[in-house]
Amino acid sequence: MRILVIEDEPRILDFVSRGLEAEGFSVLGARDGQEGLRLAEAVGCDLVILDLLLPRLDGLSVLRTLETNQPALPVVIVSARADLTTKLNGFGLGARDYLTKPFSFDELLARIRVQLRRPEERDNGYFLRAGALALDVARRQAQLGDQVVDLSDREFKVLHRLLECAGEVVSRERLLSEVWGYHFDPHSNVVDVCIRRLRKKLGPDSPIETVRHAGYRLAEA
Ligand code: CA
């Protein structure tokens, strides 16, 4: 799970990043609003921690753009502004939660975990679905119609990622870094090769779409 922290105060950015990394999250840091938006688009993440008073582009403008482009992405505001009007503005623009500074890291972590929890994970049988495609996470098998498909470890991870983001474009770079790790050469074609194998296994009804110059998208229906 990757968290983007948009925060211009270096001490807070450092403190939050270290804490999250110690909890096993991968962390991206941005020191201003524009950089934050750029990273959210280009690299991608599962959750955003957003300060409001930011250089170059203020937090509420960042939130507005994120809500338009990536409505499923949870945003938690962490701000020194404690007035009700600002809080209600934040929620009105789509923020999932709002924490005022100063805050305890444990409280931030608890709030993040609530946002990242998926209802399916509470059951033993954990399936991710989009249209006719279902991914049996425990068995690492895909089902498309009545066809059951066994997957290699990488194929499973790529499909899992695409399903979690169904309907959204997932960049090649994001798949490369999240499934293969940062040490992989960004010019490598391993992602494309893996997608080709997945499509072959899923057959002519494969819901994996190529979005030119952007990446891949799993059709929702
Ligand atoms: Ca600030």
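The values are calculated or read from the model by the stated rules, or taken from the named source; none is laboratory data. This is a predicted model, so every value here is computed, not measured. Here Cβ is always computed from backbone atoms with ideal geometry, including for glycine, and neighbour counts include all displayed protein chains.
So, in segment 40-61, of the ones that are within 24 Å of Ala110 (Cα to Cα) and more than 15 Å from the ligand (Cβ to nearest atom), which residue ends up surrounded by the fewest Cβ atoms within 10 Å (Cβ to Cβ)? Let's see the steps before the verdict.
Here is the first cut: in segment 40-61, the ones within 24 Å of Ala110 (Cα to Cα) are 40, 44-53, 59-60.
Going one step further and asking which of them are more than 15 Å from the ligand (Cβ to nearest atom), we end up with 40, 44-47.
On the way: Ala40: 23, Gly44: 24, Cys45: 22, Asp46: 19, Leu47: 22.
Within segment 40-61, the match that is surrounded by the fewest Cβ atoms within 10 Å (Cβ to Cβ) is Asp46.
Answer yes or no: is there a residue in segment 124-143 that is in contact (Cβ under 8 Å) with a residue 60 or more places away in the chain and outside any strand (DSSP E or B).
Within segment 124-143, the subset in contact (Cβ under 8 Å) with a residue 60 or more places away in the chain is 130-133, 142.
Cutting the leftovers down to outside any strand (DSSP E or B) gives us 131-132.
Yes, some residue in segment 124-143 is in contact (Cβ under 8 Å) with a residue 60 or more places away in the chain and outside any strand (DSSP E or B).
Would you mind stating whether Asn69 is modelled with pLDDT under 95 and surrounded by 14 or more Cβ atoms within 10 Å (Cβ to Cβ)?
Details: modelled with pLDDT under 95: yes; surrounded by 14 or more Cβ atoms within 10 Å (Cβ to Cβ): no.
In short, no.
Based on what the data block shows, is Leu109 more than 16 Å from the ligand (Cβ to nearest atom) and part of a helix (DSSP H, G or I)?
Numbers: more than 16 Å from the ligand (Cβ to nearest atom): yes; part of a helix (DSSP H, G or I): yes.
Judged against the criteria, Leu109 is a match.
Only residues in segment 69-97 that are free of Cβ contacts under 8 Å to residues at least 12 places away in the same chain count as the first member; pair them with residues that are within 15 Å of the ligand (Cβ to nearest atom), Cβ under 9 angstrom, at least 6 apart or cross-chain, and list the lot.
Cβ pairs passing all conditions: Lys87/Ile77; Lys87/Ser79; Lys87/Arg81; Lys87/Tyr98; Lys87/Thr100; Phe91/Ile77; Phe91/Tyr98.
When you check Ala80 against the structure, is it of a type outside the set (Lys, Arg) and within 16 Å of the ligand (Cβ to nearest atom), yes or no?
yes
On the given criteria, is Thr86 polar (S, T, N, Q), more than 23 Å from Arg2 (Cβ to Cβ) and in a helix (DSSP H, G or I)?
Answer is yes for this residue.
Which of (1) surrounded by fewer than 19 Cβ atoms within 10 Å (Cβ to Cβ); (2) assigned to a helix (DSSP H, G or I); (3) in contact with a strand residue (DSSP E or B) (Cβ under 8 Å, 6 or more places away or on another chain) does Arg64 not meet, given it meets every other one?
Only one criterion in (1) surrounded by fewer than 19 Cβ atoms within 10 Å (Cβ to Cβ); (2) assigned to a helix (DSSP H, G or I); (3) in contact with a strand residue (DSSP E or B) (Cβ under 8 Å, 6 or more places away or on another chain) is unmet by Arg64, namely (3).
Of the residues Val190, Val170, which is touching a Lys or Arg at 6+ places or on another chain (Cβ under 9 Å) and crowded, with 17+ Cβ neighbours inside 10 Å? Spell out the reasoning first.
Values: Val190 fails: crowded, with 17+ Cβ neighbours inside 10 Å.
Checking each option against the conditions leaves just Val170.
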